[in-house]
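Notes for the one structure printed next.
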Amino acid sequence: MRQYELVERVSSYNKDVNEALLNKAYVYAMQKHGTQLRASGDPYFSHPLEVAAILTEMKLDEETIAVALLHDTIEDTDATRKEIDDKFGERIGALVEGLTKIKRLELVSKKAEQGENLRRLLLAVSDDIRVLLVKLADRLHNMRTLNHVKIEKRARIAQETMEIYAPLAGRMGMQSMRDELEELAFSHINPETHETITKHLEELAEKNKNLISQITSELSQKLEQSKIPADVSSRRKRPFSVSRKMEKKELAFEQLSDIYGFRIIVESVEDCYRALGLVHTTWSFVPGRIKDYISTPKQNGYKSIHTTVIGPKRQRVELQIRTRKMHEIAEYGVAAHALYKDLGDGAVGISNEIDAYATLRKTIEQLAHSTSPEEFLEHTKLELFLDQVFCFTPKGRIIALPHGATPIDFAYAVHTDVGNSCVGCKINGQLMPVITELQNGDEVEIIRSKSQTPPSAWESVVVTGKARAAIRRSTREAVRLQYSSLGARILERGFEREGKVFEREDIKEILPKLARQSIEDVLTDVGRGELPSLDVIQALYPNYLEERAATRKPPKEEGWFGLKTGAGLLFKIPGLRRRGQKVKSGAGGLMGSIPIRGIKGDLPVRFSPSGGAVPGDRIVGILEPGKGITIYPAKSAELRKFKGQTDRWIDVQWDIVPENAERFPATIKLSAVNEPGALATIADTIASNESNIQNMVMSAKSNDFTQMVIDLEVWDLSHLERIIKQLAKKSAVSKIIRIIE
Ligand code: MN
């Protein structure tokens with residue numbers, strides 16, 4: 001076949017054909033295969049070209065045809081996946097790579113017993129059903145030309161075809177593909193029997209020539225008289241199906257020879273039933289032989305009516321009655337759904353992609369569950385695939401995942417949005433934890449919630465890179481959001497303190513002054529402590545300092561100036577509460593509702609008496625018999641006491657909403673320079689960051705420095721970090737750390 005002939009064939013059923021793509025694939029594959037030859041001595045390129053031609057008979061799209069042309073390039077020439085991606089796009093590249101994988105495996109599994117390998121791989125690459133369509137066409141052409149292959153190789157290839165590819169074609173509803181594969185395989189597996197039966201059938205056909213044409217014309221006449229437009233044809237018996245029947249029913253050839261097969265193809269479903277009625281009133285029918293696959297289609301989407309009647313010479317006549325569309329579906333199976341995508345008239349067994357996938361899914365289940373002599377191999381030579389699991393979406397889409405994958409990986413494999421909004425899952429219809437390890441064949445339904453963001457702890461649970469990267473991204477974004485909402489809160493209070501009203505939109509006009517790109521940047525930087533709130537106020541109200549001096553008394557905090565600390569002297573400073581904010585007692589006591597997730601039941605929950613955990617810290621729950629659950633920061637040294645008692649450790653997470661107003665105790669330790677105003681600076685910094693000092697213990701370490709341990713109350717970790725950062729910048733502070741006991 002020539003280049004223009006191929007293009008013409010495709011354009012005969014697809015007017016908008018992308019000719020450039022076909023031409024490019026044709027030229028590329030021809031050049032790549034160059035002077036390579038097939039076993040037959042033909043140029044190698046004749047093979048991909050024939051494979052493409054087979055697929056045009058199924059009227060497949062030009063991408064599939066292009067993939068057919070390219071299908072052996074990666075494996076057999078110097079072409080690479082990258083080159084194909086670059087030239088033809090990633091979708092085509094992925095399909096060609098899928099075919100390459102199958103081919104490599106075929107080469108490895110020299111023995112037919114290793115068919116299981118192949119089944120698994122087919123499963124792995126069948127994400128896009130077109131891989132299988134090209135693979136089947138490839139196999140069909142190889143079977144047609146098997147005579148040229150060395151005789152010792154033929155049996156294995158034929159066996160593999162019989163055991164894997166023919167059933168696969170059948171399960172995909174591609175009857176004519178299946179028939180031809182079976183016949184070709186049979187002729188190589190059992191040449192003598194094949195030849196004997198073929199000869200018998202030919203003799204029989206010759207002998208019954210008149211009878212067959214008599215039945216055909218009688219049927220045609222009756223249908224015409226009843227005004228049912230129809231095509232009547234006799235069905236040739238296939239040697240393989242005769243042989244199978246003989247084996248199954250233990251019958252001699254002669255006993256099977258009085259069965260004749262005919263097919264009536266009509267225009268509509270209604271005509272199918274009218275034709276059936278006509279046949280049944282003309283000849284007597286064999287009870288129990290009527291099968292209505294129109295009202296109850298086969299699993300692979302096959303639709304037809306089957307019946308058997310007693311013909312004019314008392315011979316048995318098997319009839320199939322179906323519409324033309326049903327016929328094409330029966331012949332081409334899933335491939336035909338490309339043709340009949342939007343038919344909703346019920347005449348087509350497979351009318352959309354989901355059905356096609358559902359069919360494939362059943363195929364795979366059946367292949368996976370079929371007992372075969374090579375099953376034991378699964379535990380020996382199959383490590384290659386033991387590291388993969390294949391799961392399904394509720395709609396039957398296959399998701400291939402590495403071994404150990406969780407529903408979280410599954411969700412991200414389906415779509416990043418699905419992963420990011422995943423809050424739970426059902427495995428095979430049952431609610432299960434999202435950290436469950438998935439098994440082959442599991443059907444996974446992801447339960448989603450819009451308000452969810454993936455907990456950062458998932459990062460260590462997932463096994464796929466895609467999931468890990470997405471969780472990391474999402475966590476970063478969540479942290480950024482936390483800082484920006486903290487920044488907004490700080491600005492609100494800061495403005496309020498200056499008697500101004502904070503409006504987000506006002507920031508827009510001062511962005512250049514602040515050297516920031518967006519309002520969001522300003523809020524985030526304020527939240528992070530990289531931009532003092534006073535800078536923002538000053539940018540918006542350049543004269544605010546004068547205004548303040550004119551309208552306000554000196555702030556109360558100035559009373560701290562000059563406070564001196566003596567060596568070893570302890571001060572207890574009452575909390576610097578502002579504007580009557582309610583402060584929760586925090587550490588130690590039992591709490592009514594504690595914002596922690598991961599705890600089931602009604603066990604009382606409390607923070608560890610030594611405290612120190614604020615939202616954002618990694619935390620751990622410890623089950624204390626008789627007391628309930630105590631929450632510790634993961635860094636707490638006290639946790640050492642529970643080492644080795646793993647059954648007492650409970651995974652917990654904070655359950656904090658950004659608007660949370662509750663405060664949590666935290667402790668910082670710092671060294672302050674002994675100078676007038678140092679304490680005031682520290683207290684002022686803490687206060688201007690909207691934190692409260694609950695307690696402060698000071699001890700003089702030398703003449704120059706005073707050590708302070710300050711108990712603060714903060715909203716969360718980012719709030720605490722902001723305060724530490726700002727304190728660290730003060731010249732009065734020489735060293736500052738957070739203390740977790
Ligand atoms: Mn090939």
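Data table
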| read-out | value |
| --- | --- |
| Sequence ranges 412-420, 508-516, ranked by mean other-Cβ count within 10 angstrom, highest first | 412-420, 508-516 |
| Protection-proxy order for peptides 59-65, 150-156, each taking the mean of Cβ atoms within 10 Å per residue, highest first | 59-65, 150-156 |
| Peptides ranked, highest mean first, by Cβ atoms within 10 Å: ranges 424-436, 136-148 | 136-148, 424-436 |
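Laboratory data are not the source of any read-out in this text; all were calculated from the coordinates shown. Since we're looking at a predicted model, the values are computed, not measured. Because the Cβ atoms are built from the backbone with ideal geometry, glycine has one as well, and the counts that use them run over all protein chains shown.
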